[in-house]
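First, the structure itself, so that you have it in front of you.
Just so you know, all these numbers are worked out from the coordinates, no wet-lab data involved. No experiment lies behind these values; they were computed from the predicted model shown. So basically every Cβ, Gly included, is an ideal-geometry build from the backbone, and we count neighbours across all protein chains shown.
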Amino acid sequence: MGKEEKKVAKQQEILKAFYLTVQSHGFENASMARIAEILDIRPSLILHYFSSKESMVVAMVDSIIQQYQGDFLPLIRNIQDPKERLRKLVFGIFSLEWISKVDNGVFYSFYACGFQNQEIKNKFQVMYETFKTILVEELQMGLDEGVINENINPDLFADFLISIQEGNTYYQGLMRGKIRGKVTADHHMEQIYFLLGI
């Protein structure tokens, strides 16, 4: 393993420990000392790879984006039928697997950082813009093929889908144990299928 590969591997190891620390102690309490304790290293070694906690957040957000993008396109890549592609896409983004991909506490801690850190905010904006572009393309394909409601505006409906999906994820994370998550998600999917006419 070369020098650069070792560096990347160590950074990934640190990010995993950072994620676990935020998950168990919250972002505010995710100190370098706690992260170092998990790795059994000196806190100063972390600073060799990341200049600050914020730089770890930026790298972690990049990692989260890659995770979502890596799972998003394979949902539909091999499906030729536009109607089936859209149904599979909607099902995928409302599935419990999608919702639980990243711990809500971790995700929203990093999301909140974007209100104070422009670089982090930009990363999240790129994530949502990429997500929206894919949705718009798929909706436009459905419109062109005549398989969805002709009154659908792909751009506005993509915004609607993202808003519903994000709201669903937030609400289910907050109300875990108090609502029937799968029943709620299934209801959202059925309503979206109805609006699309698929």
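Return one number: the angle in degrees, 0 to 90 and rounded to the nearest 10, between the long axis of the Cα atoms of helix 181-196 and the longest principal axis of the Cα atoms of the chain.
Between the helix axis and the principal axis of the chain, the angle is about 40 degrees.
Please provide three numbers in whole Å: the alpha-carbon extents of the stretch 144-196 along the principal axes, with the largest listed first.
Cα extents, longest axis first: 41, 18, 12 Å.
For the stretch 92-161, what is the charge dipole size about the Cα centre, in debye to the nearest 20, if Lys and Arg each add +1 at the Cβ and Asp and Glu each add -1 at the Cβ?
Working: 4 positive and 11 negative charges, 92 e Å.
That gives a dipole near 440 debye.
Springs between alpha-carbon pairs under 10 angstrom, Gaussian network model over the chain: which of Gln118, Gln67, Gln23 fluctuates most?
Highest fluctuation among the options: Gln118.
Please order Leu45, Leu196, Leu161, Leu39 by the number of other Cβ within 10 Å, starting at the fewest. Could you put the intermediate results ahead of the total?
Details: Leu45 13, Leu196 20, Leu161 23, Leu39 16.
Ascending Cβ contact count within 10 Å gives the list Leu45, Leu39, Leu196, Leu161.
Now a separate question. Find how much the distance from Glu137 to Arg176 grows on full extension, using 0.36 nm per residue of separation minus their present alpha carbon separation; answer in nm with one decimal.
Working: separation 39, 0.36 × 39 = 14.04 nm, distance 3.30 nm.
Value of the extension gain: 10.7 nm.
Quick one: plug the Kirkwood hydrodynamic radius of the stretch 75-148 (C-alpha pairs) into Stokes-Einstein at 25 °C, 0.890 mPa s, and report D in µm²/s. Before the final figure, lay out the partial values.
Details: Rh = 14.1 Å.
My calculation gives 174 µm²/s for D.
Please get the size of the charge dipole for the stretch 58-196, origin at its Cα centre, with Cβ charges of +1 on Lys and Arg and -1 on Asp and Glu, quoted in debye to the nearest 20. Write out the running numbers ahead of the final one.
On the way: 13 positive and 18 negative charges, 119 e Å.
It works out to roughly 580 debye.
Mind checking which of Val136, Cys113, Gln69 is farthest towards the positive end of the chain's charge dipole, using Cβ charges of +1 (Lys, Arg) and -1 (Asp, Glu) about the Cα centre?
Of Val136, Cys113, Gln69, it is Cys113.
Another question, then. Please list, by residue number, every one of the chymotrypsin sites (Phe, Trp or Tyr not before Pro) in the stretch 81-160 that is coil in DSSP and has at most 14 other beta-carbon atoms within 10 Å. Don't skip to the answer; put the middle values down first.
Working: sites: Phe91, Phe94, Trp98, Phe107, Tyr108, Phe110, Tyr111, Phe115, Phe124, Tyr128, Phe131, Phe157, Phe160; in loops: Phe115.
Taking the stretch 81-160 and a limit of 14 other Cβ atoms within 10 Å, the loop chymotrypsin sites (Phe, Trp or Tyr not before Pro) found are Phe115.
Tell me the label only: which of [x] 1.18; [y] 1.73; [z] 1.03 is Cα Rg over 2.2 N^0.38 Å as calculated from this structure?
[x]
Translational diffusion coefficient, Stokes-Einstein: compute it for the stretch 102-198 using the Kirkwood radius over C-alpha pairs as Rh, at 25 °C and 0.890 mPa s, and state it as an integer in µm² s⁻¹.
On the way: Rh = 15.1 Å.
Translational D for this selection: 163 µm²/s.
Beyond 18 Å between alpha-carbons counts as too far, so tell me which of Lys6/Lys123; Lys53/Lys123; Lys10/Lys121; Lys101/Lys182 fall in that bin.
Numbers: Lys6/Lys123 25 Å; Lys53/Lys123 16 Å; Lys10/Lys121 25 Å; Lys101/Lys182 15 Å.
As for pairs spanning more than 18 Å Cα to Cα, those are Lys6/Lys123; Lys10/Lys121.
Between helix 3-25 and the chain, what is the angle of the helix's C-alpha long axis to the longest principal axis, kept within 0 to 90° and rounded to the nearest 10?
Value to nearest ten degrees: 80.
Which of Arg42, Arg77 has the fewest other C-beta atoms within 10 Å, and how do the rest follow up to the most? Spell out each step's value before the answer.
Values: Arg42 12, Arg77 8.
With the fewest neighbours first, Arg42, Arg77 line up as Arg77, Arg42.
Taking only the alpha-carbon atoms of the stretch 3-112, what semi-axes of the equivalent ellipsoid follow from 5 times the gyration tensor eigenvalues under a square root, in whole Å, largest first? Don't jump to the answer; show the numbers that get you there.
On the way: eigenvalues 223, 51, 19 Å².
For the stretch 3-112, the semi-axes come out at 33, 16, 10 Å.
Taking GluC sites (Glu not before Pro) as exposed when DSSP calls them loop (any state but H, G, I, E, B) and at most 10 other Cβ atoms lie within 10 Å, what is the longest stretch of the chain free of them, the sites themselves excluded?
Working: sites that count: Glu28, Glu150.
Here the longest segment lacking exposed loop sites spans 29-149.
Send over the Kirkwood Rh of the stretch 1-50, from the inverse of the averaged 1/r over different Cα pairs, rounded to one decimal Å. Walk me through the intermediate numbers first.
Details: mean 1/r = 0.0908 Å⁻¹.
By the Kirkwood definition, the hydrodynamic radius is 11.0 Å.
So what J values fall out for the stretch 92-102 if you push phi through Karplus, 6.51 cos²θ - 1.76 cosθ + 1.60 with θ = phi - 60°, rounded to Hz, Gly and Pro as x?
Calculated HN-Hα couplings, in order: x, 7, 9, 6, 5, 4, 5, 4, 9, 4, 10 Hz.
Can I ask one more? Which of the listed residues, His48, Met1, Ser31, is farthest toward the dipole's positive end in the stretch 1-50, when Lys, Arg count +1 and Asp, Glu count -1 at the beta-carbon?
Toward the positive end, the furthest listed residue is Met1.
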